[in-house]
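Just below is one structure, and these are the notes that go with it.
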């Protein structure tokens, strides 16, 4: 027998319908250089249809790719709906990639139109010979586009002014592509992940669930997580689904801007990279300016694990709850989320901070397992560490036109490359990246644990720990540290000594002004390892 | 291009996996005649697999139907997972149907095994000649099955004792059938609706969303809504998904049992028919027994619209928030849910009660529209009334092996037969069933509005309003009323006069001890109309 349910596809236009019909009065607030622009979801919907009509007039057709190089703005948000709802693929390009990488991903995705922030035009001119498939460039912003040597160029607003706001979006197959995003691998060119309408809608629903970030109509979200980065963690879609007010930090925001927006828009939940949380804290601690933050109750920090010291500081200084998830480009991105379940209601604060410092439990419809080097499953006992495998309707089964890394998808599971332990309640704690683990004399050392401990030191701003080759132990840990005021290596060693076995203590401390970071703001351990191996940083190994 | 997401099916075993792996310690509590039985989701999962193995040994195979005639018990809950997870269809049969109707649905669904509560055996013996396809009857309860003339009969626990708790459930196609339920139509035999794994999983997710009932891990749910009735509103699946504690009222519960369970299990949310809410209120007001209800904060009442007087009473007397949704067997059941969105935060209490008295806004992934008699779409202006059409991945596209009512699914929308108005924010207010509307002298009269108003009278317990044939006006409203103490017809007319146009006032009041109800507890308006048309109730038209 068959089931007799309607075969309504899971598609993004259903979310837009809800935002317009039920929450047409709710607001989207974008920081501009000259203040704030506010408009409603009702106006948003009309502009989304205008953009789709304009792209259609530029010759964009079902299945084509439209690339974006933009900041978190209302216009970029419009593209988040217009492009997939017309059956086209939204390819969000990370503006922090190198020009060469950007040229590669535009060419590899075959983008036919680019929507770009004006300051990206000189970079695009540099890589002009790689834009052979691009038939138009649309420039975000209000005015006419700047003069450029690039092909046909249009101003975003002039294009929308001539377009139709009453077009109807087609029904699409839920498995058809809605978006794509490239992840910069450890080696070689970035690899493309292609999301479907189905995966994107399911992921949006999951964000609205009790026990996840729980996007709700009554909240106002400040979305700092770049729209150029893994669907902006799915928040643009979840906010529309629930009609939540959305605040966007606009072009080239600085840390004080985030705090000003929180005050101005009475933001209740801020979603950002861990680094952004740290920068906001620094701004607040500097006392340069005062901010009214009483509306803010939750900070979702991601991209890497927020140190417990950060979690504690936000709670104690501002009554702000810090939560985190664990995910990756290949997983839309969210796989786990940190919620305190009811059995921990009576934990003391430090116990709660420890739990909030884990990566949390798998989300509904996500299955995870731990495996050892031979692929054998390991128990969830809080002790055994292994690589984490995941599967879910919003996890990739392959990279786009890319034969590399097929092993990552062996056996119907995505091999995340992250090493962790899982306790008996399903709370995951990341130990390290498979490739970042340090193996010293046959024993594993977790660089993440050492980093988190170091960042718990009152004077340490940033700390990265990587392996250096060693003739005796094969690998030994080296710490690269940025401090607020001079600290002696011996003091840091003393500080770590009580927490770790002796063989874990770093052989050297390298003091830097800032730890180098990748295009997505994570510590660039690949670069650090190269520098350490080449001895580039030897000279800075001193007691300052 | 294709999307490159995993094609993991939406299937119920993923929910069970989550309940067992993350929430294995959480409890399911069932009222027994001799106290309460408590066990954990970890034990639950083992018993679910035992039941599946036992059914398999009885010869049940993929695609077969297993019927249940049971109360809300742990064993019935086990069937909710065991049957669909093994690829078999769970056919929950409403124990309040007539023996003839039950015979019809067992035969029509082709049930091959029945799981039944022992007191149902005599009824099954009556309809024995219709059980030709049934190869085994399994009797719920702890002991050996009672003596019966029926074919092979097994005790539930003896069957489980011999079964394997470590079987593996297969992956199933998400569009394959998971459950079925018959709806007793206004005329003729009941009609079958067949749910899929996909529709059931999506519906469960929706119940866990902010803005719906929002099933959460920290809550304890008392599930009074029968498991024999439209998937028990999806709550069994949503609770497992979130690992929420679940309290079940067991066999043949009485109103005082519900209140005792709330006290005993510290229930925070109770899910029940409107009638049950009224019965609990009567029990509380009677003062026969005292109950500690401080754990209870929410009452989800459904099946019909809770009168505003009930909503107000629970809030004022016990600080309990009453919410409601709108749905039907064909829609799994939920289509809308009543949440106060942020724009109404500052409403006064009465304004909030009025809004809570509406049927709320469409859930995510549900689209609704209003149409007039000619199928033309009507505006959402809070004024135009029309039939409500709905579509969603969890709405039926046809009845099972049934050519009746094909018009109900014309044009890709389900024609609900409910008449309502929708305001500009998408809040739906039901006016009536299409067939229950009263048309008097060319003008519509809403029976529901009159009923709600009458039930707002302090002495009126129940009120149903139906049309009586009239030589002049074609139809005129008649009210059938059950009161706590004698009330004069004139007083009721006076009570209504200020609220309604003169022509809405009922021509007659018929006083009864109890308004007759259908098998699912709704006012039996079909029967009332027949009685009124036949003049059966004329004699009771008096001022008592």
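Quick note: the coordinates plus some simple rules give every number you see, no bench work behind them. As the structure is a prediction and not an experimental result, all values here were calculated from the model. When we count neighbours, we look across all protein chains shown, and the Cβ atoms used for this are built from the backbone with ideal geometry, even at glycine.
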Inside 10 Å of the C-beta atoms of B:203-216, what's the mean count of C-beta atoms belonging to other chains? 6
Give me the Kirkwood hydrodynamic radius of region B:225-288, using the inverse of the mean 1/r over all pairs of distinct Cα atoms, in Å to one decimal. 12.7
Dividing the surface of the Cα convex hull of region B:29-105 by four yields a projected area in nm² of 5.9
Can you compute the modelled spin-label distance between residue A:459 and residue A:62, with each label point 7 Å from Cα toward Cβ, in nm? 6.5
In nm, to one decimal, how far is the modelled label at residue B:377 from the one at residue A:491, with both set 7 Å along Cα→Cβ? 6.8
Could you tell me the relative contact order of chain B? Use alpha-carbon pairs under 8 Å, at least six residues apart, and round to a whole percent. 10
Between region A:11-78 and region B:117-175, what is the C-alpha centre distance in whole Å? 56
Given label points at 7 Å from Cα along Cα→Cβ, what nm distances, shortest first, separate residue A:381 from the same residue in every other copy? 7.1
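How much mean residue ellipticity at 222 nm does chain B get from its helices, if each DSSP H run of length 4 or more adds -39500 (n - 2.57) and you divide by all residues, to the nearest 500 deg cm²/dmol?
Working: 15 runs with 154 residues, N = 544.
Taking each H run of at least 4 residues, the total per residue is -8500 deg cm²/dmol.
Over all alpha-carbon pairs in the protein assembly as shown, figure out the percentage whose distance exceeds 62 Å. Write out the running numbers ahead of the final one.
Details: 74240 of 591328 pairs.
Looking at the protein assembly as shown, the distances longer than 62 Å represent 13 percent of pairs.
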Length gain on complete extension for the stretch residue B:162 to residue B:443, per 0.36 nm per residue less the alpha carbon to alpha carbon distance? 94.6 nm
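Just checking the output field for B:394-406: average partner chain Cβ neighbours within 10 Å of each residue's Cβ?
2
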Taking a crude spin-label model, label points 7 Å out from Cα along the C-beta direction, the residue A:499 to residue B:534 distance in nm is 8.2
Given 5 Å bins starting at zero, what is the percent of C-alpha pairs of region A:115-190 in each, up to the one with the largest pair distance? 3, 12, 16, 15, 18, 16, 12, 6, 1, 0
Inter-copy label distances at residue A:128 (7 Å, Cα→Cβ; nm, one decimal): 9.3
Would you please put A:256-268, B:490-502 in order of how densely packed they are, using the mean number of other Cβ atoms within 10 angstrom per residue and starting with the highest? A:256-268, B:490-502
Which whole-angstrom value gives the distance between the alpha carbon centres of region A:414-467 and region A:184-234? 24
Using eta = 1.306 mPa s and T = 10 °C, Stokes-Einstein with Kirkwood Rh from Cα pairs puts D for chain A, in µm² s⁻¹, at 65
Peptide-level mean, for A:17-23, of C-beta atoms on other protein chains within 10 Å: 5
Zone of residue A:133 (label point 7 Å along Cα→Cβ, backbone N under 15 Å): which residues in region A:73-104? A:88-93, A:102-104
Over region A:12-196, what is the relative contact order in whole percent, taking alpha-carbon pairs under 8 Å and six or more residues apart? 22
With Cα coordinates, the longest principal axis of chain B makes an angle with the long axis of helix B:274-286, in degrees rounded to 10, of 80
Cα principal axis extents for region A:18-66, largest first, Å: 34, 31, 15
Label position 7 Å from Cα toward Cβ: report the copy-to-copy distances for residue A:469 in nm, one decimal, ordered from shortest. 10.1
The helix A:41-57 Cα axis meets the longest alpha-carbon principal axis of chain A at an angle in degrees, between 0 and 90 and rounded to 10, of 70
Which shape class applies to region B:358-444: rounded if a/c is under 1.5, otherwise prolate when a/b exceeds b/c and oblate if not, where a ≥ b ≥ c are the square roots of the Cα gyration tensor eigenvalues? oblate
Take region A:12-196, drop everything but the C-alpha atoms, weight them equally and run the Debye formula without solvent; then report log10 I(q)/I(0) at 0.13, 0.19 Å⁻¹ to two decimals. -0.65, -1.37
So, for the Cα atoms of region B:296-398, Rg and Dmax in Å stand at 15.2, 46
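Work out the P(r) tail for region B:438-540: percent of alpha carbon pairs separated by more than 21 Å, whole number.
29
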Contact order normalised by residue count of region B:438-540, Cα under 8 Å, 6+ apart, percent: 25
Considering only C-alpha atoms, what is the centroid distance from region B:314-359 to region A:349-404, in Å? 39
Using a 10 Å cut-off on Cβ atoms, rank the peptides A:100-111, B:86-97 from the highest mean neighbour count down. B:86-97, A:100-111
Computed over chain A: longest principal axis from alpha-carbon atoms vs helix A:99-109 long axis, angle to nearest 10 degrees, is 60
